[in-house]
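**Q** Sharing a structure below in structure tokens format, with a few things to ask.
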Amino acid sequence: MNLRHASGATAARQATRPAARLDAAAEEGPMNIGAAATLSGVSAKMIRHYELLGLLPAVARTEAGYRRYGAAEVHTLRFIRRARDLGFGVAEIAALLKLWIDRRRSSADVKRIAMTHVADLDRRMAELAAMKRTLERLAACCHGDGRPECPILDELGAPPASALAAAAVRRPSRT
């Protein structure tokens, strides 16, 4: 028997056990918000927030007013969490949830939302790269010693380039 293969199989079984236990617990029946939070990986506070936003439908309540969640709600919360992990916004998640529920959906609609999000990520990454270059340039100009002069602070305190351009346009010419 190959010990490496056996230990890998054991590790794989152990890795799936927690998920299987979580799924079994969700299938057992209604649970409180703490259990739903544990099973879904979404905090109780965020579960309430998602309910307020309409991402998660209102759930049944006990006579005392406690929320009761089932396997379907936990599955939806996992979907929301994964979408948030990928950086989708609330509106995008709402659209994705509608498509997820609609078995007659067109995958083209899903892909359009995903590709729009990819384009937004590309734009934000370009903005972050520009910020990084600016900070690196400013840090390279700063002596970083005991002197009070600091080009980083000078740049942060300077009016934005757009304000300078606007002021130049408003300034009357001297002819």
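**Q** Tell me, what HN-Hα J-couplings in whole Hz come from the Karplus equation 6.51 cos²θ - 1.76 cosθ + 1.60 at θ = phi - 60° for each residue of region 53-69, using x for Gly and Pro?
**A** Each residue of region 53-69 in turn: 6, x, 6, 10, x, 4, 9, 4, 10, 6, 4, 7, x, 6, 5, 10, 10 Hz.
**Q** Right, another one. Order the peptides 88-94, 149-155 from the highest to the lowest mean number of other Cβ atoms within 10 Å of their residues.
**A** Per-residue Cβ counts within 10 Å, averaged per peptide and sorted highest first, yield 88-94, 149-155.
**Q** Using a simple spin-label model with points 7 Å from Cα along the Cα→Cβ vector, what separation in nm is obtained for residue 122 and residue 68?
**A** 5.0
**Q** A further question on this structure: Using θ = phi - 60° and the Karplus form 6.51 cos²θ - 1.76 cosθ + 1.60, what ³J(HN,Hα) does each residue of region 92-105 get, whole Hz, x for Gly and Pro?
**A** 5, 5, 4, 5, 5, 4, 4, 5, 4, 6, 7, 6, 9, 4
Coordinate-derived values only; no laboratory data. Computed from a predicted structure; not experimentally measured. FYI the Cβ positions are ideal-geometry reconstructions off the backbone, even for glycines, and counts take in every protein chain you see.
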